[in-house]
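Input: a single structure, listed below in structure tokens.
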Amino acid sequence: MLIDDFNKRIKNPVKIFMFTQELECNFCSDTRKLVEEIGVLSEKISVQVYDFVADSEKAKEYKIDKIPAIAIIGAKDYGVRIYGIPYGYELSTLIEAIINVSRGNTDLSSKTKTILSDVKNSVHIQVFVSLTCPHCPVAATVAHKLAIENDLVRADVIDSGEFSELAQKYAVMGVPKIIINEKIEFVGAFSEDLFAEHVLLGDF
């Protein structure tokens, strides 16, 4: 029944691009297996695996700068990314990203969409999560939805445990921690409209 529900919620084809490197990457193999398993759940999902080094031009095209990485592409590239293996609570982040990208629009409120429409410059959202954090998927999914709704916004969900150097760089002491354009930051699963307000602040 869960698989049937998943299939029904996917409206249009989705491509999952997974970037890996067999050497010196702790969770690349497991991440690859996970996305390939998800790929067989629906005929609307296709999976393509790229080598981070051998396919460096493809990585550059999709702004992939670390691995394991998952880029979820629909009718266009909405800037929806996941870095690290989406196990535990983060599996729901991956599932929701696939569904929302397949639709090309989201259930964000009209208020949130209005706030988001005022974004005029490129915005990069980084959401640091942990696989055992029950609140992280909420923040991660909202970030992805914001990216889907505005072409100027891209959203990376990053496993703070896998990318500990980045977590240290951004002083991630609690999750979810959100960094917007390297200058706005907050911790916690904010309401979607408040999240959008912070995105707007990061635009200036």
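The values are calculated or read from the model by the stated rules, or taken from the named source; none is laboratory data. Nothing here was measured: the structure is a model prediction, and the numbers come from that model. Because the Cβ atoms are built from the backbone with ideal geometry, glycine has one as well, and the counts that use them run over all protein chains shown.
Of the residues making up segment 117-167, those that are within 17 Å of Gly202 (Cβ to Cβ) and of a type in the set (S, T, N, Q) number 5.
Looking across segment 105-136 at every residue that is touching a residue at least 12 places away in the same chain (Cβ under 8 Å) and assigned to a helix (DSSP H, G or I), the one that is nearest to the chain's Cα centre (by Cα) is identified as Cys136. Select from segment 23-48 the residues that are of a type in the set (A, V, I, L, M) and under 17 Å from the mean Cα position of the chain (by Cα) and write down the one among them that is farthest from Asp77 (Cα to Cα). Looking at the filtered set, the residue picked out is Leu34. Going through (1) closer than 19 Å to Ile95 by Cβ; (2) in contact with a Leu (Cβ under 7 Å, 6 or more places away or on another chain) one by one, Asn150 falls short only on (1). Candidates Glu90, Glu96: the one that is of a type in the set (Asp, Glu) and within 17 Å of Arg32 (Cα to Cα) is Glu90.
In the set Val123, Val129, Val142, Val119, only one residue is of a type outside the set (Gly, Ala, Ser), touching an Asp or Glu at 6+ places or on another chain (Cβ under 9 Å) and surrounded by fewer than 21 Cβ atoms within 10 Å (Cβ to Cβ); that residue is Val119. Kindly establish whether Tyr89 is among the aromatic types (Phe, Trp, Tyr), more than 18 Å from Lys15 (Cα to Cα) and either touching a helix residue (DSSP H, G or I) at 6+ places or on another chain (Cβ under 6 Å) or at pLDDT below 95 (or both). Here the answer is yes, as Tyr89 does meet what is asked. Tallying residues that are in contact (Cβ under 8 Å) with a residue 40 or more places away in the chain and either assigned to a loop (DSSP other than H, G, I, E, B) or of a type outside the set (Val, Ile, Thr) (or both) within segment 3-51 yields 18.
Residues in segment 154-176 that are buried (at least 23 other Cβ atoms within 10 Å of the Cβ) and part of a strand (DSSP E or B): Ala155, Asp156, Val157, Ile158, Asp159. Taking the numbered list (1) surrounded by 15 or more Cβ atoms within 10 Å (Cβ to Cβ); (2) under 25 Å from Glu149 (Cα atoms); (3) aliphatic (A, V, I, L, M) in turn, Ile67 passes all entries but (2).
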